[in-house]
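Report on one structure; see the data block that follows.
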Amino acid sequence: MTAIAPRFGPQLIRLLLVTAVLTVGLLGALAGTASAHAALTGSDPKDGAVVDVAPREVTLTFSEQIAMGDDSIRVLDPSSKRVDVAKMQDLSQGGTVRYAVGLKSGLPNGTYTVAWQAVSADSHPVSGAFTFSVGAPSATTATVPDQEAGGGLVGTLYDAARYISYAGFILLVGGAAFVLACWQRGASVRPLQRLVVGGWVTLTAATLVLLLLRTPYTGSGKLGDMFDLGGLSDVLDTKTGAALVSRLLLLGAAALFIAVLFGAYAKRVTEAEAEQDGEGNAEAGKAKADLAFGLSLGGTVVAAGIAGTWALSEHASTGIQTGLAMPLDVLHLLAVAAWLGGLVSLLVALYRVPDLERAAVRRFSRIAFTSVVVLAVTGVYQSWRQVGSWDAWTDTSYGQLLLVKIGLIAVLLGAAWFSRRWTGLLGEDAKTSEAGAEAEPEAGVDVAEAGTATDPERATQLARQRTALATARKKRDRDADTERSGLRRSVLIEACVALVVLAVTTALTGTEPGRTQEKEVSRTGTEAAAPAPARPVNLTEPFDTGGTKGKGTLRLTIDPASPGTNLMHVWIDGPDGKPMDVPEVKVAYTLKSQQIGPLPVVPERLAAGHWSAGNVQIPMPGDWHLQVTVRTSDIDQTTIEKNVKIG
């Protein structure tokens, strides 16, 4: 927030305190809640099922719309050979999202592994696996190919293009807003023109790259597939593809806006200034005001539309309260652009323009303050919506990145405080300095005045000489102004920190929200690797869900803890050592090294405090990541995580 006027200092402090209190209140009240994310909700055959006859196909049902390619579902036999054939089928109807893949005929008895990977509706790579058996369960050596949706070189390029697109949007919208709202004479200043046009070119190019990369990003992972016209056609049928195409169309309207801003509007500003000096048309001021109103209204609509293409295809479009989250996300993006884009524009003007008025800096201060208020309000809501619990701030990658972002913004506000102080020390407007400069004699100019009336060429040369001398004088005065130099340095620091903030923000858009990661590690223990025990596996772990009667001890056994069919027992004991009945116990296994899982297990309740599952299929040996979720009330639950050795 560059150069906030002195009277805003106490208000900003109060705003930050109120924001902190609201964050604590909202997150504290809603700790422990969870929401749905793209996940496998059903399959045919079911996980762990034993069927008499090999099925002709495997179908998967998901909780929300996802993007999948022909190679997104893989079925592996016990020897790790693929047995799926033909093109994947989209069987989705109405609100049900279902995909199927055919199998080879005549499959022998044994345990088969189904591994899937896709990209969820909010652009996050998701994956999982489960097993079923034909005839009877068997040992399996199935390994999942080293292929990850949204990863590798394609994922890196996609993330880079996403970052560049955000940067282009900020320069385009923030630069144009700076010209219209803060420094109208900037419409005819070449460095600012290049900045805004550069933002448009950057955003347009990055959007095209994102559209082309979408096919390999959601499917094969092969960079060469970005030019697959068939894949591009499929992308255009998705929500993200439609959003990217809409962005390109809106950028066409933005090009027209830029042409008017730096053409007709710049001319009107020049004519209006001439009118103020008594040398121009008396109607120029009104024409400029009318055109400025039209540009402001049209530019706001186009900018909001472009911001809406992100809200339509990322976090705001999924999860809870999407009807409120999407418009607030648009408002958040516009505030970011006005703040950071205006910051870069101010930096360019301070370094490249010798006669930037103090009034322009003060006008940007007010806009920056308003942007910070909007960011605080929308940021609190987004934090509650995406994080959801206190533990998620530290136990999920999304929460950790959000903490880093908050810290960087605090640094940014600290640098802005120094900018505000330098603004208060700035000298009078550049026009005052120019008036004094005009009183200074220009060596070599007055001597030649007499001959200019009869020599037009000499008059032109003399005009160029005057302009060069005036520009040199302004630059010299600017460089000698210690207050302006100090402001340039502080704004430069702000801009550098803003680049890092933008990088963290980009990473957040590609990270699954903390509310949906469901990684609430037990408060009494941290995620750690358990030593490889002798078979069977026996685990004893305390837990605390944080609610009333939320403390207890979990005991779990897996027998024989080897690939194939296993028997699992779970006991829940209260603090007094007696059986403790709880509403729900869930277990999941993940083999991270082979990208298999999580394989969910829902044990049956046998008695108070005792649950069991008699057909737990573990497809292969390895260090499996075990997650046991214990829920003690409607809102209180915790997940205990351990690594166990199987086989």
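With Cα atoms defining each centre, the stretch 582-600 and the stretch 335-365 are spaced 52 Å apart in the structure. Using only alpha-carbon positions in the stretch 184-270, the gyration tensor eigenvalues give semi-axes of 36, 13, 7 Å once each is multiplied by 5 and square-rooted (largest first). Per the Debye calculation on the stretch 574-624 with a single equal scatterer at every Cα and no solvent contribution, log₁₀ I(q)/I(0) for q = 0.21, 0.23, 0.30 Å⁻¹ amounts to -0.80, -0.86, -1.14. Of the two radii for the stretch 61-119, the radius of gyration is 1.00 times the Kirkwood radius, both from the alpha carbons; that is the Rg over Rh value.
Computed 3J(HN,Hα) for the stretch 225-242, one whole-Hz value per residue from the Karplus formula 6.51 cos²θ - 1.76 cosθ + 1.60 where θ = phi - 60°, is 6, 5, 9, 6, 5, x, x, 5, 4, 5, 4, 5, 7, 8, 4, 5, x, 5, glycine and proline marked x. Amide H to amide H, with H built 1.01 Å from N, Glu57 comes under 5 Å of Leu103, counting only residues 5 or more places away or on other chains. If you roll a 1.4 angstrom probe over the protein chains with everything in place, what fraction of the accessible area of the stretch 156-315 belongs to carbon and sulfur, to the nearest %? Answer for the stretch 156-315: carbon and sulfur cover 65 percent of the accessible area. The share of C-alpha pairs in the stretch 297-381 whose separation exceeds 21 Å stands at 39 percent.
The values are calculated or read from the model by the stated rules, or taken from the named source; none is laboratory data. A quick note: this is a predicted structure, and the numbers were derived from the prediction, not measured. For the accessible areas, the whole protein counts, side chains as well, though only heavy atoms, and no ligand, DNA or RNA atoms are used. Shrake-Rupley method; radii C 1.70, N 1.55, O 1.52, S 1.80 Å.
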